[in-house]
Amino acid sequence: MNFATKALHGVSCFDPVTGASSVPIYQASTFHQADLDAPGLYDYARSGNPTRHALEEAIAVLEGGTRGFAFASGMAAISSVFMLFSAGDHIVVAEDVYGGTFRFLTQVLSRMGIEVTFVDTTCTHAVENAIKPGTKGIYLETPSNPTLKVTDLAAVCRIAKKHDLLVMVDNTFMTPYYQKPLELGADVVIHSATKFIGGHSDVIAGLAVTKDEALGKQLYFIQNGMGAILGAQDSWLVMRGLKTLKARLDVSSRSAETIAQWLSQHPAVSRVYYTGLCTHAGHDVQTSQASGHGAVLSFDVGSRERAKAVFDRVKLPIVAVSLGAVETILSYPAAMSHAAMPPEERKKRGITDGLIRLSAGLEDTEDLLQDLAQALDSLHELRIPDDKKTFSRV
Amino acid sequence: MPSQTIEGSGIKMHLETKLVQTGVGKEETTGAINFPVYYATAYRHPGIGESTGFDYTRTGNPTRAVLEEAIAAAESGDSGFACASGMAAIHTTMGLFSQRDHIIVSLDLYGGTYRLFEQVLTRYGLWFTYADLRDTEAVRAAIRPETKAIFVETPTNPLMQITDLREVAQLAKEHGLLTIVDNTFMTPYFQRPLELGADIVLHSGTKYLGGHNDVLAGLIVTKGSELSEKVKFLHNTIGAVLGPQDSWLLLRGLKTLALRMERHQSNAFAVAKQLLGHPAVSEVFYPGLPEHPGHQTHSSQASGFSGMVSFRVRSADQVPVFLQNLKLISFAESLGGVESLCTYPATQTHADIPQEIREYVGVCDRLLRLSVGIEHPDDLAADVTQALDASLVTGGQLR
């Protein structure tokens, strides 16, 4: 079955009792037990809710894993997955992870005795060099947020296997439609389902999928024990989003590619980050491990003042935190998604004051280009200082 | 009793009034009496560095904010935080502590809390001593240099043991410890631990606050701006937040909290009396009964006794017969809803506590817990009585 068909007909899409075309919302916290000695499939909704369960099964099938889990937010999924580790464990983490993940690792988990080393995971050797006796896991985002650096998933997974490490991949930007990390050797896939999977800027949710049953059991214990679960109504909204995931991504990604190409020709833009551009450093690896490039791109207009001017002038995109929606969203990583990261850490990762992230929505591409043109055309031509010459337009 | 004045007048509001009026007047665009459900994850920024007060729903959602403000006011706290479940609220709060910190905890305790502490948080270097918090001297003796907090359930789940909140909070203050109280059983309608000196109140909002067995939720209320800021950081960073629809359901529940609690309580008295007089029952645990050992202390710190009643039957083999014969009361794992539920702690809520500890504490295989709902008291008493009668008969013979 192909992806789009699987998303619609793969699993538990119908209510078995009435045949209803969508799973009902079970707004129940507890379930009557008919027999003391034979507990039913569901007993307490934190431990299991039929609506949430349908979503969990669906994402497990789409990611090619054995077990799915739905959480209250992407960060709830991430913080729960990190609870697989214990004090004294060391984890190698991609250096340009989402700012919220960075904040959780450096300000909460560090107090619990977990040590983290941030490395440039695009360089497979750097990953191997960071491994030490206490290392237990590798955490990746590819393409990364917001500069879309690509990590070779199969290569890193091979290293991990050699050292018996758990590989966790945040697959939010790609979704299983474009990239299936479990098939490339990863053990856990994580999503902020708030983004492309939900897709409508109307629900906060996180998902995780484990490859093998033993790990699935461990994560289930943590999901139930910590209780950061997704509510029934929200689970239903995510499932509704999943049904149109392919159609939305097809349109959004096509738009993103056109916009990226257009921006890379624009004199007001110093740099464009999009893996679909063949000049992008990660283009080849991306093409080999994913079937698409996604709908997110970033571009640099040179300074905070110029970025502010762009934000002031655009009419169509929502200026907001978040991405992966039907509406095009422009965000300013330095002050939004990566505000939780100290300025020097941001600088190291290329998150400059002129960087703008664009998540293409479903608007007509021509309308988006026209809007961007009117916002950028009036910016005076960008003069690149001599010492930044190597930082030239892609 | 926390009170605030009705806007534009000098009239003081009682808690009942405040609860019913939750969210009223907050929606200024249309004047809707009930605050709308905001299904937005992101909020349009007027420009770089400008915000409407809402940026991203994990950090703050307007519907959730109304709920958070309401619970903070009801508990006489400074800030409220709504979480995905009661356990998410407890887990988020425990993020305040670091490796090697020590916490003193009620010996009798909800099994899920025990499981989180012993099977997850100990792996992160936190450690816990379970003490009989009825005995303030036992608490004092458990304090160590690394101790950072005292975690209290009162009444405890399921044995209804009572901790003197003023005394324990005072002791905690003397030693610079935080007092954290799980107030799920009482709700702010009957008991407000922050007024008695506690620093943090926790709720499984799934129970009485939601009240309809239809939503999972947790709440945290903090006192003091420094503590509130810390919990706010953890709430956003860990991300175990409550969704808008669930927040709205909880708001809806809060409006009838006072009515429901009064009815839960009067029904609980009726059921407790029925149990006391029945030959199949050996002990009844309900703090409202004058003979309950914690009755005096509880009456000094709470204005009511709520709707939870535990009891022991005479022999463990009565339990399955009793449960099978209940006609009206559902055998299910939860509490605090309008429908009466019966729970068997040994295999349900407290299954994760090792048997020897469970039995030492008193959560034995003869113990049953009733969450008395708001049905007619005579119907509940009749159901309990006929099921108890049946539990005494085996193979046509009286046991």
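The values are calculated or read from the model by the stated rules, or taken from the named source; none is laboratory data. Just so you know, these numbers come straight off a predicted model, no measurement behind them. Here the Cβ positions follow ideal geometry from the backbone for every residue, glycine too, while neighbour counts run over all protein chains shown.
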- Item | Condition met for residue B:222 (of a type in the set (S, T, N, Q), within 16 Å of the chain's Cα centre (by Cα) and at pLDDT 95 or above) | yes
- Message: Of everything in the stretch A:201-245, what is among the charged types (D, E, K, R) and surrounded by fewer than 19 Cβ atoms within 10 Å (Cβ to Cβ)? Give them in sequence order.
- Response: A:212, A:213, A:217, A:240, A:243
- Note on the structure: Reported set for the stretch A:265-293 where residues are buried (at least 18 other Cβ atoms within 10 Å of the Cβ) and either in a helix (DSSP H, G or I) or basic (Lys, Arg) (or both) is A:271, A:285, A:286, A:289
- Task: Would you check if there is a residue in the stretch A:218-227 being over 17 Å from the mean Cα position of the chain (by Cα) and more than 14 Å from chain B (Cβ to nearest Cβ)?
- Result: no
- When the stretch B:44-61 is examined, which residues are found to be at pLDDT below 90 and more than 7 Å from chain A (Cβ to nearest Cβ)? B:46, B:50, B:51, B:52, B:53
- Query: Which one of these does residue A:237 not meet: (1) within 13 Å of chain B (Cβ to nearest Cβ); (2) in contact (Cβ under 8 Å) with a residue 60 or more places away in the chain?
  - Reply: (2)
- Considering the stretch A:294-325 alone, what residues qualify as being more than 10 Å from chain B (Cβ to nearest Cβ) and assigned to a loop (DSSP other than H, G, I, E, B)? A:294, A:295, A:301, A:302, A:303, A:314, A:315, A:316
- Hey, any hits in the stretch A:44-55 for a residue that's more than 10 Å from every other protein chain (Cβ to nearest Cβ), in contact (Cβ under 8 Å) with a residue 12 or more places away in the chain and of a type in the set (A, V, I, L, M, F, W, C)? yes
- Item | Qualifying residues in the stretch B:192-206 (those that are of a type in the set (A, V, I, L, M) and more than 14 Å from chain A (Cβ to nearest Cβ)) - the one farthest from the chain's Cα centre (by Cα) | B:196
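If we scan the stretch B:61-71, do we find a residue that is part of a loop (DSSP other than H, G, I, E, B), touching a residue at least 24 places away in the same chain (Cβ under 8 Å) and β-branched (Val, Ile, Thr)?
No, there is no match, as no residue in the stretch B:61-71 is part of a loop (DSSP other than H, G, I, E, B), touching a residue at least 24 places away in the same chain (Cβ under 8 Å) and β-branched (Val, Ile, Thr).
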- Among the residues of the stretch A:57-70, is there at least one that is within 12 Å of chain B (Cβ to nearest Cβ), farther than 24 Å from residue A:154 by Cα and surrounded by 18 or more Cβ atoms within 10 Å (Cβ to Cβ)? yes
- Message: I need the full set of residues from the stretch A:94-107 which are away from chain B (no Cβ under 14 Å) and either among the basic types (Lys, Arg) or crowded, with 24+ Cβ neighbours inside 10 Å (or both), in order please.
- Response: A:94, A:96
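Does any residue of the stretch A:161-180 turn out to be over 24 Å from residue B:205 (Cβ atoms) and within 14 Å of chain B (Cβ to nearest Cβ)?
yes
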- residue B:41 versus (1) surrounded by fewer than 19 Cβ atoms within 10 Å (Cβ to Cβ); (2) facing another protein chain (nearest Cβ under 9 Å); (3) β-branched (Val, Ile, Thr): which is the lone unmet condition? (1)
- Evaluate the following for residue A:106: is it touching a residue at least 12 places away in the same chain (Cβ under 8 Å) and of a type in the set (Ser, Thr, Tyr)? no
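One line per residue, one yes/no per condition, for (1) charged (D, E, K, R); (2) surrounded by fewer than 24 Cβ atoms within 10 Å (Cβ to Cβ); (3) under 21 Å from the mean Cα position of the chain (by Cα):
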position: B:284; (1), (2), (3): no, yes, yes
position: B:309; (1), (2), (3): no, no, yes
position: B:314; (1), (2), (3): yes, yes, no
position: B:319; (1), (2), (3): no, yes, no
position: B:323; (1), (2), (3): no, yes, no
position: B:330; (1), (2), (3): no, yes, yes
position: B:336; (1), (2), (3): no, no, yes
position: B:343; (1), (2), (3): no, no, yes
position: B:347; (1), (2), (3): no, yes, yes
- Query: Residue check: is residue A:306 surrounded by fewer than 18 Cβ atoms within 10 Å (Cβ to Cβ) and of a type outside the set (Phe, Trp, Tyr)?
  - Reply: no
- Message: Given the criterion within 14 Å of another protein chain (Cβ to nearest Cβ) and of a type in the set (Gly, Ala, Ser), identify the matching residue among B:304, B:224, B:253.
- Response: B:253
- Item | Conditions (1) farther than 25 Å from residue B:345 by Cβ; (2) in contact with a strand residue (DSSP E or B) (Cβ under 8 Å, 6 or more places away or on another chain); (3) in a loop (DSSP other than H, G, I, E, B); number of the one not met by residue B:158 | (1)
- Residues being among the charged types (D, E, K, R) and crowded, with 23+ Cβ neighbours inside 10 Å - total across the stretch B:141-163: 1
- So residue A:255, is it in contact with a Pro (Cβ under 8 Å, 6 or more places away or on another chain) and either buried (at least 21 other Cβ atoms within 10 Å of the Cβ) or outside any helix (DSSP H, G or I) (or both): no
- Note on the structure: (1) under 28 Å from residue B:262 (Cβ atoms); (2) polar (S, T, N, Q); (3) buried (at least 21 other Cβ atoms within 10 Å of the Cβ); (4) out of contact with any Asp or Glu (no Cβ under 7 Å at 6 or more places or on another chain) all hold for residue B:106 apart from (4)
- Note on the structure: Within the stretch B:326-367, residues within 13 Å of chain A (Cβ to nearest Cβ) and polar (S, T, N, Q) come out as B:330, B:334, B:340, B:343, B:347, B:348, B:349
- Can you tell me which of B:125, B:112 is surrounded by fewer than 21 Cβ atoms within 10 Å (Cβ to Cβ) and either touching a helix residue (DSSP H, G or I) at 6+ places or on another chain (Cβ under 9 Å) or more than 14 Å from every other protein chain (Cβ to nearest Cβ) (or both)? B:125
